[in-house]
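Here the structure is laid out as structure tokens; the discussion comes afterwards.
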Amino acid sequence: QAHLVESGGGSVQSGGSLRLSCVASGYIRSDNYMGWFRQAPGKQREGVASINNYGRTSVADSVKGRFTISQDNTKTTLYLQMNSLKPEDTAMYYCAGTTSAGTYWTPPLHPTAYNTWGQGTQVTVSS
């Protein structure tokens, strides 16, 4: 059974930092690609950042220069370092992965490229 568990969310003031973690187990192909998504109330789920087995990353324009995605050496733990947080970053953040094997030059930021999702961790940024 593929399984993803996020942690590290919380409340922070504008300009602060948080580090999210996601542990993958089961049939998740963490050596393929993994990503972070977020969804705010009334909005669609959007891709935040993703990373593939080559270490190449994709980062949304809205967080570029502020957020950094990374993995540990085993590629079973995914991280999202969030700096200079803004109120518009407030959302439920989800870790996502795939059970499909393969290599990809550009890690995707579209939710349809993923088939396994964590339960989410809430990030709230106050003004």
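Data table
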{"read-out": "For residue 57: the one exception among (1) open to solvent by less than 50 Å² (accessible area, probe 1.4 Å); (2) β-branched (Val, Ile, Thr); (3) at pLDDT 95 or above", "value": "(1)"}
{"read-out": "Failed item in (1) open to solvent by less than 40 Å² (accessible area, probe 1.4 Å); (2) more than 13 Å from the chain's Cα centre (by Cα); (3) not β-branched (Val, Ile, Thr), with residue 87 passing the rest", "value": "(1)"}
{"read-out": "Scan of the range 26-44 for residues that are surrounded by fewer than 16 Cβ atoms within 10 Å (Cβ to Cβ), at pLDDT 95 or above and under 14 Å from residue 95 (Cβ atoms), ordered by number", "value": "39"}
{"read-out": "Residue count, the range 14-35 (criterion: farther than 21 Å from residue 126 by Cα and either of a type in the set (Val, Ile, Thr) or assigned to a strand (DSSP E or B) (or both))", "value": "9"}
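The values are calculated or read from the model by the stated rules, or taken from the named source; none is laboratory data. Because the structure is predicted, anything quoted here is derived from the model rather than measured. Every residue, glycine among them, receives a Cβ derived from its backbone with ideal geometry; neighbour counts consider all protein chains shown. Ligands, DNA and RNA are stripped out before the accessible areas are found, and what is left, the full protein with its side chains, is counted by its heavy atoms. Shrake-Rupley method; radii C 1.70, N 1.55, O 1.52, S 1.80 Å.
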